[in-house]
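Everything on this sheet refers to the single structure shown next.
Computed from the coordinates by the stated procedures, all read-outs in this text should not be read as laboratory data. Every value quoted in this text rests on a predicted model; they were computed, and no experiment measured them. Reconstructed Cβ throughout: ideal geometry from the backbone, glycine too, with neighbour counts over all protein chains shown.
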């Protein structure tokens, strides 16, 4: 029994060590992204930064694509793992979308990286379902909620890509003007959702 316990303890310790190392690789990859941008983010550069051979990275991520997906999931879900505050569903949409935009703007080429997303992990799936729940709480069907969330995510990502693509060029709009434009566009999507709710109000009840 003692031998088994020691074996289990050793296995658990190795798993904790692997998880910790994986988190370190992810953290360093995000910092490297800020330094060199998406185009120059390579596994060789990351390995050099970590002081290991490039092949060692594959112990934690089976491919560069898997690493990029993990980076996207970190950016896209940071600060969004809690239920949205109790308020009108449209206000919740604004809060979630604003946080997502802020997360992407906080990283160099953050929105461009998010656009490469291939395989969502558990955190991304959970956030998508939570966002769907916000729209379903307003009375939308599951299909409409999924379409609505997908539309909002595409809008947020596209708007932020345009912001970041400007680079160091002179901006034609101030940050306040860009914020206003972002929320105005989001309101257009919300108006479309309200229209969909209105059309199906006989089945879903009164519009909030």
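How many percent of Cα pairs in segment 75-204 exceed 26 Å? Of all Cα-Cα distances in segment 75-204, 23 percent exceed 26 Å.
If packing is taken as the average number of other Cβ atoms within 10 Å across a peptide's residues, how do 174-186, 111-123, 60-72 rank, most packed first? Mind showing how you got there, number by number?
Numbers: 174-186: 13.0, 111-123: 16.2, 60-72: 17.8.
For the peptides 174-186, 111-123, 60-72, the packing ranking is 60-72, 111-123, 174-186.
Measuring nothing but how far apart in sequence close Cα pairs (under 8 Å, 6+ apart) lie, relative to its length, segment 75-204 scores a relative contact order of 29 percent.
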